[in-house]
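Below is one structure, written out as structure tokens; comments come after it.
The values are calculated or read from the model by the stated rules, or taken from the named source; none is laboratory data. As the structure is a computational prediction, the values presented were derived from the model and not from experiment. As a convention, Cβ positions derive from the backbone with ideal geometry for all residues, glycine included, and neighbour counts pool all protein chains shown. Please note that ligands, DNA and RNA were not included when accessible areas were found on the heavy atoms of the full protein model with its side chains. Shrake-Rupley method; radii C 1.70, N 1.55, O 1.52, S 1.80 Å.
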Amino acid sequence: MCGIVAYIGAGQAQPILLEGLKRLEYRGYDSAGVAILDSAGLRVARSVGRVAKLEEKLEDLGGFRGTVGLAHTRWATHGSVTETNAHPHRDDRAGISIVHNGIIENYAAVKKYLQERGHRFQTETDTEVLAMLIGELYEGDLESAVQAALREVTGAYAIVVMCEREPDVLVAARKGSPLMLGIGNGEYVVASDPSAIVAHTTQAIALDDYNVARISRDGFRTSTIDNVEVTPKVMQLELDLEQIELGDYPHYMIKEIFEQPAALRNTMRGRMDTNEGKVVLGGLDSFAKELVRARKIILTAQGTALHAAMIGEYLLEDLAKIPCECEYASEFRYRNPIIDEGTVVIAVSQSGETADTLAALHEAKDRGALALGVVNSVGSTIARETDAGVYLRVGPEIGVASTKAFTGQVAVLTLVSMFMARRRFMSPEASARLIGEMEQIPGKIEKVLELDDEINRVTEKYVERNNWLFLGRGYNYPTAMEGALKLKEISYIHAEGMPAAEMKHGPIALIDEGMPVVFIANQGNQYEKVINNIEEVRSRGGHVIAVATEGDERIRAVAQDVIEVPEVSDCLSPLVTVVPLQLMAYHAAVLRGHDVDKPRNLAKSVTVE
Ligand code: G6P
């Protein structure tokens, strides 16, 4: 949710930290701050708003010179959005400064203890409590003080700490919130996300839970919070700068929508064998037996990933014939779920860091389920903690509104379903046919993208309306949910998505003259039923925008606006029908003048409950 970047090396820290913050800004952006140790001691600047505001402030202050520092971009959890509550936070005795992602759950009790010992607090945040605790326990060695403090707290954290009395040291630690140490040549960049590291180095280690890194210009040491030495595993970051830059696009969201054909080609590359009618998923091979024998599959996720998982539920039942449930991770984790032998849990997540999805995964594993991940971020916590999994390979997604990760998740879940189906009931011919169709999907999406201007014009007609409905059936019921979510999250228009039949049970009361109702009305299994629902909306004055199959004249007769998509099998149709909905949401947000990539109140990755 928040972003952390810290630097120690021979270069000037300020430009490196600011550049890192800009790359991380998509993770949280209500305030930002930086602390740098220069010859005069600790210099701190913080500001409410975007990183650009912090940059202006630093300019006004004449800039900070120093080669060690830490910085943060915040998405408020504890404490309101004010400059005082922005990170870095400091203690009142030992010259400690800290940036923190996550939540210290027992902060109130620790704060009381520290107040009794005479500490004076400036902010309402849990992070300041941690700064004070480290200061309280400081006896001349920052690493030991951090370890001791972390033994006293519960909750989640990724932190980087520095101390005026040890100007050549950074200490970083994590539990439940991602943190990486980028290893350069005589310099180190610590960050919550590889996008802030790759400009400097592609060698990095991902800290594990309860691990602490002490970093100086000469090297680093990793240990646990109990000071047991840990051998670090250095990995190669496979992210190149071009992937995280805007290029000629005005926003990441539109860039990522247009990247979908290439992204999906990447998702499928080397994973499908048309001749043999086989899906090859290296990550699942060693668990093929368990998957073939699986009795139940539970898919769990949040947000857009949940909508992809819902489509996965249809796919797995339809293709692989395995009973399947799909559930919000936040509900699953607390409801005492029944996990029998033969239950497989699949966590679906773009970031691989969503707190609820991770906790659901832990719950499932503790109860004996085989845990699989369908994840985009390589090396993320969910990817590391599942027994096996399949990466999306759609490249980094920066826009807060998820687009290419959604189609990537649906594509991977299709592959997983086919992987199981072929080993269970599906004939080689049927499988080969579906594989052939999958290969056509990127080209079909390209055709939808050609309609961008037309979709913009349709959106313009309705953009002033404040209530929209999105309706679909079967495979496209989750697509309708996703269309509504996209529209509300970036354009702030109220939208609801639901099964088309459910409309009659209440939401139909909302329909008045001119209300936009988007139907996913491609020629799938329930086409006739959808037509009936369209008539019901029309007769109450609603304006129907239909996403329909190319050349469908019947739809033209009943809908005010039609967006045509190429013909596609029902089970693959969400990969194509969702694209016009993504474009509509994008254009609505632009037309309404919103910041598309940084919608209010949202964070790209929700790492707290
Ligand atoms: C946040 C994001 C959504 C995303 C959801 C799940 O709410 O704003 O776009 O779908 O988290 O994230 P994940 O990284 O687990 O897919």
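Taking the stated definitions as given, is Val394 touching a residue at least 60 places away in the same chain (Cβ under 8 Å), within 15 Å of the ligand (Cβ to nearest atom) and either open to solvent by 10 Å² or more (accessible area, probe 1.4 Å) or not charged (D, E, K, R) (or both)? Considered against the rule, which asks whether it is touching a residue at least 60 places away in the same chain (Cβ under 8 Å), within 15 Å of the ligand (Cβ to nearest atom) and either open to solvent by 10 Å² or more (accessible area, probe 1.4 Å) or not charged (D, E, K, R) (or both), Val394 comes out as yes. Residues that are crowded, with 24+ Cβ neighbours inside 10 Å and modelled with pLDDT of 90 or more within the stretch 69-90 comprise Gly69, Leu70, Ala71, His72, Thr73, Ala86, His87, Pro88, His89, listed in sequence order.
Residues of the stretch 303-349 that are within 13 Å of the ligand (Cβ to nearest atom) and among the polar types (S, T, N, Q): Thr304, Ser330, Ser349.
Taken over the stretch 397-412, the criterion of being within 13 Å of the ligand (Cβ to nearest atom) and not hydroxyl-bearing (Ser, Thr, Tyr) is satisfied by Glu397, Ile398, Gly399, Val400, Ala401, Lys404, Ala405, Phe406, Gly408, Gln409, Val410, Val412. Being assigned to a loop (DSSP other than H, G, I, E, B) and buried (at least 24 other Cβ atoms within 10 Å of the Cβ) is the filter here, so list the residues in the stretch 352-368 that pass it. Across the stretch 352-368, the qualifying residues are Gly352, Glu353, Thr354.
Scanning the stretch 15-32 for residues that are modelled with pLDDT under 90 and outside any helix (DSSP H, G or I) turns up Gly28, Tyr29, Asp30.
Could you say whether any residue in the stretch 576-591 is surrounded by fewer than 18 Cβ atoms within 10 Å (Cβ to Cβ) and within 16 Å of the ligand (Cβ to nearest atom)?
Among the residues of the stretch 576-591, not one is surrounded by fewer than 18 Cβ atoms within 10 Å (Cβ to Cβ) and within 16 Å of the ligand (Cβ to nearest atom), which makes the answer no.
In the stretch 556-571, the residues that are charged (D, E, K, R) form Cβ pairs under 6 Å with partners that are crowded, with 17+ Cβ neighbours inside 10 Å and in a loop (DSSP other than H, G, I, E, B), at six or more places apart or across chains, as follows: Asp570/Tyr475; Asp570/Gly524. Determine whether Asp60 is out of contact with any Lys or Arg (no Cβ under 9 Å at 6 or more places or on another chain) and surrounded by 23 or more Cβ atoms within 10 Å (Cβ to Cβ). Spelling it out, it is not the case that Asp60 is out of contact with any Lys or Arg (no Cβ under 9 Å at 6 or more places or on another chain) and surrounded by 23 or more Cβ atoms within 10 Å (Cβ to Cβ). Within the stretch 111-139, the residues that satisfy the criterion of being in a loop (DSSP other than H, G, I, E, B), closer than 15 Å to Thr82 by Cβ and of a type in the set (Ser, Thr, Tyr) are Thr123, Thr125. Inside the stretch 202-216, residues that are surrounded by 16 or more Cβ atoms within 10 Å (Cβ to Cβ) and either of a type in the set (A, V, I, L, M, F, W, C) or within 22 Å of Ala13 (Cβ to Cβ) (or both) make up a count of 9. Kindly check whether there is at least one residue in the stretch 350-366 that is away from the ligand (no atom under 13 Å from the Cβ) and touching a helix residue (DSSP H, G or I) at 6+ places or on another chain (Cβ under 6 Å). For the stretch 350-366, residues away from the ligand (no atom under 13 Å from the Cβ) and touching a helix residue (DSSP H, G or I) at 6+ places or on another chain (Cβ under 6 Å): absent.
Against the conditions (1) more than 16 Å from the ligand (Cβ to nearest atom); (2) surrounded by 15 or more Cβ atoms within 10 Å (Cβ to Cβ), Lys289 satisfies every one except (2).
When you go through Val378, Val374, Val416 one by one, which is the residue that is within 15 Å of the ligand (Cβ to nearest atom), at pLDDT 95 or above, at negative phi and not assigned by TED's automatic domain parsing to the domain that holds Ala156?
Working: Val378 fails: at pLDDT 95 or above; Val416 fails: within 15 Å of the ligand (Cβ to nearest atom).
Residue meeting the stated conditions: Val374.
Within the stretch 401-433, being open to solvent by less than 10 Å² (accessible area, probe 1.4 Å) and farther than 21 Å from Glu325 by Cβ holds for Ala401, Thr403, Lys404, Ala405, Thr407, Gly408, Ala411, Ser431. In the stretch 337-366, the residues that are not assigned by TED's automatic domain parsing to the domain that holds Glu313 never reach a residue that is near the ligand (Cβ under 7 Å from one of its atoms) and open to solvent by less than 10 Å² (accessible area, probe 1.4 Å) with C-beta atoms less than 9 angstrom apart, at least six apart or across chains. Scoring Phe258 on the criteria (1) at pLDDT 95 or above; (2) within 16 Å of the ligand (Cβ to nearest atom); (3) open to solvent by less than 70 Å² (accessible area, probe 1.4 Å); (4) not β-branched (Val, Ile, Thr) leaves a single failure, condition (2).
Which of the residues that make up the stretch 569-587 are more than 13 Å from Ile520 (Cα to Cα) and either of a type in the set (Phe, Trp, Tyr) or outside any helix (DSSP H, G or I) (or both)? Those that are more than 13 Å from Ile520 (Cα to Cα) and either of a type in the set (Phe, Trp, Tyr) or outside any helix (DSSP H, G or I) (or both): Ser569, Tyr586. Restricting attention to the stretch 98-120, the residues being open to solvent by less than 60 Å² (accessible area, probe 1.4 Å) and free of Cβ contacts under 8 Å to residues at least 24 places away in the same chain number 3. The residue list Ala131, Ala206 contains one member that is more than 19 Å from Gly379 (Cα to Cα), within 32 Å of the chain's Cα centre (by Cα) and of a type outside the set (S, T, N, Q), which is Ala131.
Is it fair to say Ile225 is under 26 Å from Ile197 (Cα atoms), modelled with pLDDT of 90 or more and touching a helix residue (DSSP H, G or I) at 6+ places or on another chain (Cβ under 6 Å)? Show your work before the answer.
Numbers: under 26 Å from Ile197 (Cα atoms): yes; modelled with pLDDT of 90 or more: yes; touching a helix residue (DSSP H, G or I) at 6+ places or on another chain (Cβ under 6 Å): yes.
Yes: the conditions hold for Ile225.
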